[in-house]
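Structure record follows, encoded as structure tokens.
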Amino acid sequence: EGSRGSAAVAQDLKNSRETQKERQGKLDLNPPRGTRDFYPEDMRTRSWLFELWRQVARDHAFEEYDAPVLESEDLFVRKAGEEVTEQLYNFEDKGGRRVALRPEMTPSLARMVMAKRNGLVMPVKWFSFPQCWRYERMTRGRRREHYQWNMDVWGVSGVEAEAELLSAITTFFKRVGLTAEDVGIKVSSRGVLAEVLAALDVPDAKFSATCVLVDKLEKLPLEAIQGDLTALGLEESVVRRLLDVVQSRDFPSLETAIGAKSTALAQLRQLFEYARAYNFEEWLVLDASVVRGLAYYTGIVFEAFDRKGELRAICGGGRYDKLLETFGGEALPAVGFGFGDAVIMELLESKGLVPSLSLGLDALVFAMEAGLQGIAIRAATSLRAAGLTVDLQLEARKTKWALKHADRLGATYVVIVGPEEVAGCNVRVKEMATGQQHVVAIANLESWISATFTT
Ligand SMILES: OCc1cccc(Br)n1
């Protein structure tokens with residue numbers, strides 16, 4: 001800034017922005033703050049990830065569902081001080097309705113289950129890839145949207161449901177090339193906290209908000225939330241007891257902390273036994289400090305983490321048996337997880353596990369002269385009828401350009417529709433990998449194609 005004051009520098013900045021806007025004709029070409037554009041090369045990676053997720057969900061016989069990204073604000077307004085509700089992307093629509101862009105999918109799913117409850121065959125095992133939103137002050141430059149693979153099981157009260165969901169998560173990790181050395185899954189149960197609070201006569205009504213605060217304690221110093229703890233009416237002795245219990249990192253210490261008769265402890269043992277049957281036990285880490293930040297969890301909770309500890313949680317979830325009651329419905333046991341698209345991609349990129357994804361183009365077809373476009377169309381249509389992916393050039397091309405473009409796109413074959421070939425009722429087909437050229441009668445193109453492409 002030198003000798004010039006900050007006001008002058010700010011004016012320069014404004015002027016330069018003005019110039020940029022003038023240059024761009026007043027339109028900001030960036031996506032809204034905190035959001036992402038997906039150009040084709042980005043979309044190939046995203047589709048690759050979603051396809052892997054979809055395969056795993058299908059292998060576990062889950063069914064896909066969807067819901068509007070826009071929901072009534074009522075679905076998400078909860079009084080437990082969660083980050084996800086404090087950062088709600090909410091507004092009043094033109095009809096005066098209070099609406100919000102969903103910050104998570106579970107409440108929409110609960111609404112859908114409640115709406116059709118008596119017509120649903122239990123257990124419900126559904127998955128979805130919702131884009132979820134939050135309005136976070138951009139001070140931290142974090143995203144405001146992400147895509148989140150959701151898997152949920154409704155109607156099963158036993159930890160068999162948690163085990164099946166952890167099977168899906170670990171199956172995905174294995175399929176994408178990660179090992180239990182790269183990623184762990186911390187597992188605990190809010191049932192542990194519920195038992196501790198009940199023993200200390202803390203009213204049930206304080207359970208959710210206490211869990212949200214204990215979750216924040218994992219990230220913030222005690223002083224930072226002491227006010228909230230006091231406001232919740234949690235005595236210091238209760239806080240100290242909770243902090244002591246959540247230190248447990250193995251079964252013996254957890255049993256010492258909460259007693260051998262604990263139901264929550266028995267459920268955790270059962271889950272680890274199922275993990276052995278599924279062959280994913282090596283991924284699990286018992287860690288009582290895992291509470292998760294959503295108010296409605298009531299039982300087992302879990303979150304996957306990178307063992308190097310460089311990234312935020314990869315995915316997380318848990319049991320939420322009372323969510324329908326908060327919507328005024330009858331209780332129905334449920335458990336699920338959310339798996340965001342951003343952290344996993346950071347991890348996969350850091351490990352070189354994101355494949356380079358080409359277009360997967362079988363053939364590029366082009367006419368050398370505009371008058372031959374009809375024959376190029378016929379050739380492309382034959383190839384497509386044989387189930388091939390074909391890039392038909394929509395304008396006449398020079399052969400040199402077409403071959404260079406085919407190479408760029410990674411096409412296997414180029415079909416050249418040129419005057420000489422057509423004069424003999426032929427087209428020329430070039431195999432890009434070998435350079436080998438074939439002159440093929442247009443009348444035989446379809447049979448030549450199926451003979452060549454299916455070998
Ligand atoms: O995981 C919390 C969250 C919710 C909505 C959007 C984004 Br980005 N992150």
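The values are calculated or read from the model by the stated rules, or taken from the named source; none is laboratory data. All values derive from a computational prediction rather than experimental measurement. Reconstructed Cβ throughout: ideal geometry from the backbone, glycine too, with neighbour counts over all protein chains shown. Note: accessible area is taken over every heavy atom of the protein model, side chains too, but ligands, DNA and RNA are not part of it. Shrake-Rupley method; radii C 1.70, N 1.55, O 1.52, S 1.80 Å.
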Legend entry - Filter result for P203 (open to solvent by 30 Å² or more (accessible area, probe 1.4 Å), touching a residue at least 12 places away in the same chain (Cβ under 8 Å) and not hydrophobic (A, V, I, L, M, F, W, C)): no
Legend entry - Verdict on G329 being at positive phi and open to solvent by less than 50 Å² (accessible area, probe 1.4 Å): no
Legend entry - Looking only at region 138-148, and only at residues there that are open to solvent by 40 Å² or more (accessible area, probe 1.4 Å) and either under 15 Å from V84 (Cβ atoms) or in a strand (DSSP E or B) (or both), the one that is farthest from the ligand (Cβ to nearest atom): R142
Legend entry - Pair list, Cβ under 9 Å, 6 or more apart: region 145-161 residue under 14 Å from L332 (Cβ atoms), other residue open to solvent by 10 Å² or more (accessible area, probe 1.4 Å) and within 16 Å of the ligand (Cβ to nearest atom): D152/T106
Legend entry - Pairs where the first residue, in region 404-415, is in a helix (DSSP H, G or I) and the second is loosely packed, with under 13 Cβ neighbours inside 10 Å, C-beta under 8 Å, 6+ apart: L409/S358
Legend entry - Candidate set: region 340-359, residues that are more than 16 Å from the ligand (Cβ to nearest atom) and part of a helix (DSSP H, G or I); chosen: the one least open to solvent (accessible area, probe 1.4 Å): L348
Legend entry - Unmet criterion (only one of (1) farther than 11 Å from A363 by Cα; (2) open to solvent by less than 60 Å² (accessible area, probe 1.4 Å); (3) among the β-branched types (V, I, T)) for V415: (1)
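Yes or no: I377 part of a helix (DSSP H, G or I), free of Cβ contacts under 8 Å to residues at least 60 places away in the same chain and closer than 15 Å to L445 by Cβ?
It is true that I377 is part of a helix (DSSP H, G or I), free of Cβ contacts under 8 Å to residues at least 60 places away in the same chain and closer than 15 Å to L445 by Cβ.
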Legend entry - Members of region 249-272 found to be open to solvent by less than 10 Å² (accessible area, probe 1.4 Å) and under 32 Å from the mean Cα position of the chain (by Cα), listed by number: A264, L265, L268, L271
Inset, instruction - Answer yes if at least one residue in region 303-320 is farther than 17 Å from L165 by Cβ and open to solvent by less than 10 Å² (accessible area, probe 1.4 Å), and no otherwise. - result: yes
